[in-house]
Amino acid sequence: MTVAEYQVSGMSCAHCEAAIRSEVEQLDGVQGIEVSSATGRLVITSAAPITVEQVQAAVDEAGYSAVPAA
């Protein structure tokens, strides 16, 4: 199991969280998603590593941008 954390910019409400969740959950291997508009945090649990590019593309599709958390 792999856990990856990202910082997402532009989220401000539950609708933003739902849009990101909807796109990210379509990635192969995703087992869990935690997303918070309050902190801008996105945590993805997956069976195998998911590339940064895949996550960024999914978040971009939802209308936001993500970078790996430091």
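None of the figures in this text is laboratory data; all of them are computed from the coordinates on show. Owing to the predicted nature of the structure, the values given are computational and were not obtained by experimental measurement. Cβ atoms come from the backbone with ideal geometry, glycine included; neighbour counts cover every protein chain shown.
For segment 11-70, the candidate set comprises residues that are in a helix (DSSP H, G or I) and among the polar types (S, T, N, Q); within that set, the residue that is surrounded by the fewest Cβ atoms within 10 Å (Cβ to Cβ) is SER22. Contact map, segment 20-48: residues that are touching a residue at least 40 places away in the same chain (Cβ under 8 Å) paired with residues that are part of a helix (DSSP H, G or I), Cβ distance under 7 Å, separation 6+ or inter-chain. Pairs shown: ILE20/VAL59; ILE44/VAL24; ILE44/VAL55. For segment 4-19, the tally of residues that are charged (D, E, K, R) and free of Cβ contacts under 8 Å to residues at least 60 places away in the same chain stands at 1.
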